[in-house]
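Novice: One structure follows; several queries about it will come next.
Every number here is computed from the coordinates shown, using simple stated rules; none is lab data. Treat the numbers as computed from the prediction; the structure is a model and nothing was measured. Please note: Cβ atoms are built from the backbone with ideal geometry, for glycine as well, and neighbour counts cover all protein chains shown.
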Amino acid sequence: MHPYKFSRKLDRFQQDLATFKSSYSRNIKVATQELTSLREVFDSLSGIEVNRGSRRKLKLLDSHLQKLEKELSAAESDLFESLSKLWRNYLRIKNRAEDLSKERRIYRTLYELLTVVYSERNIQILLDTVLESAVDIMSAEYGCLEIYSQDSSLQFKLTKDSTGSEVELKNSNLKPAVTEAVLASGNAITIGGLLSESVPSGEEEEQAEERSVSLLCVPLKTNDKILGTIYVHREEENGDFAVTDSELLSSLAEKVALAIESHLLFSELQEEQEKLIEDLRKKYEFEEILGASPQMAKVLSTVADIADTDSTVVIEGESGTGKELLARAIHFNSGRAKKPFIPINCAAIPETLLESELFGYEKGAFTGAVKKKLGRFQIANGGTIFLDEIGELSPVLQVKLLRFLSTQEFEPLGSTQTSKSDVRIITATNRNLSEMIQTGEFREDLYYRVNVIKIELPPLRDRKGDVELLTEHFIEKFSKRYDRKLSGIDDNAMETLLRYNFPGNVRELENTVERAVVLTKATQIGYGDLPDYIKSHSNQGDGEVFPKTNRELMKTKRELYRKTIGELERRFLLSALEEAGGNISEAARRAQMQRKQFQRLMKRHNVTTATPEQDKEAEIPAKT
């Protein structure tokens, strides 16, 4: 029933009650007056000698009295009928009011649950909230949530009572069979009217009483599979589970099952990625390349595949993404690992000197060439040359490099003799070579020579999941270098780094952490230890990446919830607890919340009381 319709019913009942009171008060007043008149007539006849006249008066009086008795009898019947009708209406309205109150509580719980479902990234907290909500909505004594893996083995199991505390299952003889039947059929099972022995607190087992209990078990299922079950147990004071209870819990389970499945799939993918990267690190020397994101897993997998070949590699990526580290990883995991690895930054050496650096020169090749000098290609014989910023090579050097890639031959400056060198070429660029071909800045034939294997290193803003891992690594690295004893970085500072885009990529993050390690006066890097430009950009939201896919949109929404509503809820909890002296029951009462609702919110935001002893006091009911 809509609240507006319910309100109109209440108004009508109130009007009926007022009419009843007015009408019957008037009727009773009239009857009383008539009785008084009859009494006066009767008193006037007392003591008078009985004669024909007095007999006539008495007969008339008796007639009036009989008439009045009939009227009173009719009024009495009408009164009881009206009272019965009013009482029935009152009971209907009272029951509906209780139903509306229960529905309101259910909807509030469902809203809170769905908020967690769509924002919570921790699977354990999600499952806790789902089970607590199910127990609350079903008015159950306790419940159990179980999740099974693909091989039917138990993956998660939670058991909680109506206060949200973890408990052992009571009277659980039927539960395994019920759960097994639900998993097999995919349908909900309700069992009511069971007898269970209950021992009153502080009494002996011989004084156990038989109580009626009801069980309800529903599947957590998606379109193609059953993930687990939600099992709830209710005792006699709350009655047996009805069909509507089963339908409500089944509907709830169906909705949260999709979220649970997504969390489980994400966790599995994360574990697979971490395992893949760990396996690669064990097999190959990737100690300097950090990252557990899908992008880095793909990069390291490619490196593992091509390391022990002589294929030419081009690494594309923005400045600071770690292109030279990747080139070193390729070299030191190849058959050339014991030979030289020679890095050359083509943009750092003047064009007039770069050719002699690469290919060497003979004595007297130019003014100042007082003796022969070997070039990098000769020094690196048997090893690897890494040409960083290859897009900066002049057209002349592009031709010479193309010749070397084709024949493994070159001529030092001032020499007429052709030299050979067995060198693997790895190149890198932060420019778009395809566009440079269109503008004539880069030779197309050279592009196809260097682009045998292409590896794209993602910018740090596209793999934000690695920021925390890299930050911890750099803190450890610079703490050792500068002999600082730091325990890490606080949450506020970490959140600020995660919001920043890092246009300078990993190199910028490394420099930021080094600065913080050097300047901090605390045992942990804090928000104040970060550069102002990072704090400024983070506060203005310049570090946010506009979502381009649904997955990115959901992630952004979760982040916004955590930073806005999540932070608001956290401060609300801390304020309430501070005013209540750390007493959860008192804090919930002041906040006009149910205790278990308050505790659930505390758990979601990892808020604990400073004085847990105070919370052992009796629960104070919240205002309604």
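Novice: Could you grab the Rg to Rh ratio for region 477-525? Cα atoms only, Kirkwood for Rh. Walk me through the numbers on the way to the answer.
Specialist: Numbers: Rg = 11.0 Å, Rh = 11.4 Å.
Result: Rg/Rh = 0.97.
Novice: Given a Förster distance of 41 Å, report the FRET efficiency between LYS603 and GLU456 from their Cβ-Cβ distance, rounded to the nearest 0.05.
Specialist: Values: r = 42 Å, r/R0 = 1.02.
The value I calculate is 0.45.
Novice: Given the pairs LYS298/LYS535; LYS157/LYS255; LYS372/LYS420; LYS175/LYS596; LYS477/LYS521; LYS157/LYS225, which span a C-alpha to C-alpha distance of over 23 angstrom in this model?
Specialist: Details: LYS298/LYS535 32 Å; LYS157/LYS255 19 Å; LYS372/LYS420 17 Å; LYS175/LYS596 25 Å; LYS477/LYS521 18 Å; LYS157/LYS225 18 Å.
Check vs 23 Å cut-off fails for LYS298/LYS535; LYS175/LYS596.
Novice: Using the number of other C-beta atoms within 10 angstrom as an exposure proxy, rank ASP310, ASP529, ASP305, ASP224 with the fewest first. Write out the running numbers ahead of the final one.
Specialist: On the way: ASP310 14, ASP529 20, ASP305 10, ASP224 6.
Fewest-to-most ranking of ASP310, ASP529, ASP305, ASP224: ASP224, ASP305, ASP310, ASP529.
Novice: Along the principal axes of its C-alpha atoms, what lengths does region 294-458 span, in descending order and rounded to whole Å?
Specialist: 54, 40, 27
Novice: Another one. Report the per residue volume, in Å³, of the convex hull enclosing the C-alpha atoms of region 430-482. Let's see the in-between values first.
Specialist: Values: hull volume 7.3 nm³, N = 53.
For region 430-482, the hull spanned by Cα atoms encloses 138 Å³ per residue.
Novice: Further question on the same structure: Place a point 7 Å from the Cα of LYS477 along the Cα-to-Cβ direction; which residues of region 287-319 have their backbone N under 14 Å from it?
Specialist: Those under the cut-off are 287-291.
Novice: Something else now. Can you give the FRET efficiency to the nearest 0.05 for ASP491 and ILE306, using r as the Cβ-Cβ distance and R₀ = 30 Å?
Specialist: Values: r = 40 Å, r/R0 = 1.33.
Computed FRET efficiency for ASP491 and ILE306: 0.15.
Novice: So, one more: How far is it, in nm, from the label point at THR439 to the one at THR163 when both lie 7 Å from their Cα along the line to the Cβ?
Specialist: Modelled inter-label distance: 7.1 nm.
Novice: For region 326-399, what is the Kirkwood estimate of the hydrodynamic radius, computed as the reciprocal of the mean inverse distance between distinct Cα atoms, to one decimal in Å? Before the final figure, lay out the partial values.
Specialist: Working: mean 1/r = 0.0747 Å⁻¹.
When all Cα pairs of region 326-399 are included, the Kirkwood radius is 13.4 Å.
Novice: Once phi is turned into ³J(HN,Hα) by the Karplus curve 6.51 cos²θ - 1.76 cosθ + 1.60 with θ = phi - 60°, what whole-Hz value does each residue of region 577-589 show in order, with x for glycine and proline?
Specialist: 5, 5, 5, 8, x, x, 7, 5, 4, 5, 4, 5, 5
Novice: Would you mind putting 388-396, 403-411 in packing order, based on average other-beta-carbon counts within 10 Å, highest first?
Specialist: On the way: 388-396: 18.1, 403-411: 15.0.
The packing order, highest mean first, is 388-396, 403-411.
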